[in-house]
Structures are given as structure tokens and as C-alpha cells.
Amino acid sequence: VSLAAHQLTLQVWWLLSYIPEPMSTAAQSIVARDAKRSSFDVVSKVVKVLLGVSTAAGLLAAVFTGLTLSMPSTTRMLVSDHAVRDLMLKTVPFAALAQFACAVCTIADGVCVGTGSFGHLPYILVSSTAIASLGLLGVAKKGLGVEGVWMCFVGFFVLRIGAHTIFSKKLRQLAMGQKESAVE
């Protein structure tokens with residue numbers, strides 16, 4: 001039952017996680033283009049718009065995820081087992097939070113790639129994965145079940161956002177409009 005609830009939640013989450021993905025691709029190309037031929041202020045405005053649109057897309061994806069996984073009409077189409085549907089309901093807040101956080105991470109990654117400041121990305125991914133994996137070990141040890149797994153999934157994205165905040169100097173400068181050689 002737990003595996004079925006997790007798989008169904010993950011499949012819905014995965015499908016809807018692609019909503020903000022075009023913003024990351026846009027960030028990579030637009031920021032790179034504008035960084036070469038425009039002023040810092042132009043690039044900063046572009047980054048702010050991309051962050052805003054991606055945040056809105058993440059909220060939209062989170063709402064769709066929550067609705068899809070909690071509305072009886074849709075969950076009955078996905079699975080007939082009541083126990084699986086009941087357990088899926090427990091994952092909804094975590095899946096929605098992960099959806100929103102994923103959108104923020106995706107755009108942050110795209111801006112970093114677009115500015116050419118992406119050397120820290122492997123470290124962010126490896127450290128976030130390692131810490132989330134330790135969290136999963138704790139979930140297994142304490143028997144927290146599928147809800148614990150989804151808590152770790154949210155934690156993975158929150159860790160990535162935190163790491164971007166700390167290590168992505170160019171992203172921080174562009175998002176906040178601080179000119180300290182943000183665009184070379």
C-alpha cells in the first residue's frame with residue numbers, strides 16, 4: 001500500500017514538475033545572451049522576471065499537484081484501493097511543497113548556468129542528496145513511512161535552495177540588484 005501511494009504521488013508530481021522547466025531553459029539562454037551584451041540592470045530585471053514567473057509556475061504546479069492528489073474524482077481514476085487513496089492524501093502537503101521548491105531550484109540552476117557561474121552546482125546536488133539520504137535512513141529507522149520519504153524529498157529541495165542562497169553569489173546579486181561584478 002505504501003509503495004503504491006508513493007508511486008502514484010511521485011508520478012503525478014513528476015508530470016507536473018515540468019511546468020516550470022521552460023523557465024530554466026529560458027534563463028540559461030536569455031541570461032547568457034543579455035550578460036554578454038546588456039547592462040547589469042537589464043540582466044537583473046530579466047532574472048527578477050524569470051524568478052517571478054517560475055515562482056508563479058511553481059505555485060500553479062503545487063496547486064495542481066494538491067488538487068490532483070486530493071480530489072476524490074481524480075484519485076478514483078488513478079487507483080481503486082481505498083487504503084492507497086487514504087495514504088496518498090497524507091502525501092499531498094509534502095508533494096505540493098516539493099513541487100514549489102523544485103520550481104525555485106530549477107530557475108536558480110538555470111540562472112547560474114546562464115551567468116556561467118555553475119561550478120558549485122555539483123556540490124549543491126551531491127551534498128543535498130547526501131543529507132536527504134541520511135534523512136531517509138532516519139525515516140527507515142523510525143518507521144515514518146511514505147510521509148517521511150516525502151518529508152526528505154521536500155528537504156532535498158529546501159537544502160538546494162539554501163545552498164543556492166549561500167553559494168550562488170551571482171544569483172544573489174542579480175536577484176537583489178547588487179552590482180558587485182555580478183555580470184562579467
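Taking a Cβ cut-off of under 12 Å around Thr106, the surrounding Lys, Arg, Asp and Glu residues balance to a net charge of -1, with basic ones at +1 and acidic ones at -1.
Heavy atoms of the protein chains alone define the surface here; on that basis region 1-131 has 49 Å² accessible area per residue at 1.4 Å probe size. Annotation for region 113-184 versus region 85-106: alpha-carbon center distance of 17 Å.
Restricting attention to the chain, lysine pairs at least eight places apart or on different chains and with alpha-carbon atoms under 22 angstrom apart total 15. Under the convention that each Lys and Arg Cβ holds +1 and each Asp and Glu Cβ holds -1, the size of the dipole of region 85-168 around its Cα centre is about 200 debye. Each Lys and Arg Cβ is given +1 and each Asp and Glu Cβ -1; about its Cα centre, region 1-54 then shows a dipole of about 240 debye. Taking label points 7 Å from Cα along the Cα-to-Cβ direction, Ala130 and Gln7 give a separation of 3.3 nm. Anyone know which of Lys48, Lys90, Lys141 comes out most mobile in the 10 Å Cα GNM of the chain? Taking springs between Cα atoms under 10 Å, the residue moving most is Lys141.
Note on the chain: Cα-only Rg and Dmax are 18.3, 58 Å. Here each label is just a point 7 Å from Cα along the line to Cβ, and for Ser80 and Lys45 those points are 5.8 nm apart.
The charge dipole of region 27-184, taken about its Cα centre with unit charges on the Cβ atoms of Lys, Arg (+1), Asp and Glu (-1) only, comes to about 220 debye.
Rounded, prolate or oblate: which one fits region 90-184, using the alpha carbon gyration tensor with axes a ≥ b ≥ c (rounded when a/c is under 1.5, else prolate when a/b beats b/c, else oblate)? In terms of gyration-tensor shape, prolate. Taking other residues whose beta carbon is less than 13 angstrom from the beta carbon of Met151, and scoring Lys, Arg as +1 and Asp, Glu as -1, yields +1.
Just to confirm a number: summing +1 for Lys and Arg and -1 for Asp and Glu over residues other than Leu87 whose beta-carbon lies under 15 angstrom from that of Leu87, what do you get? Surrounding charge for Leu87 is 0. If you take the charge dipole of the chain about its Cα centre, with +1 on Lys and Arg Cβ and -1 on Asp and Glu Cβ, which of Phe153, Ser38, Leu8 is farthest toward its positive end? Comparing the listed Cα positions along the dipole, Ser38 ranks first.
When region 51-184 is described by a simple charge dipole with +1 on each Lys and Arg Cβ and -1 on each Asp and Glu Cβ, the residue from Val92, Ile131, His164 located farthest towards its positive end is Ile131.
The values are calculated or read from the model by the stated rules, or taken from the named source; none is laboratory data. All figures in this text were calculated on a predicted structure; none of them were measured in a lab. Note: ideal-geometry Cβ built from the backbone for every residue, glycine included; neighbour counts use all protein chains shown. Ligands, DNA and RNA are stripped out before the accessible areas are found, and what is left, the full protein with its side chains, is counted by its heavy atoms. Shrake-Rupley method; radii C 1.70, N 1.55, O 1.52, S 1.80 Å.
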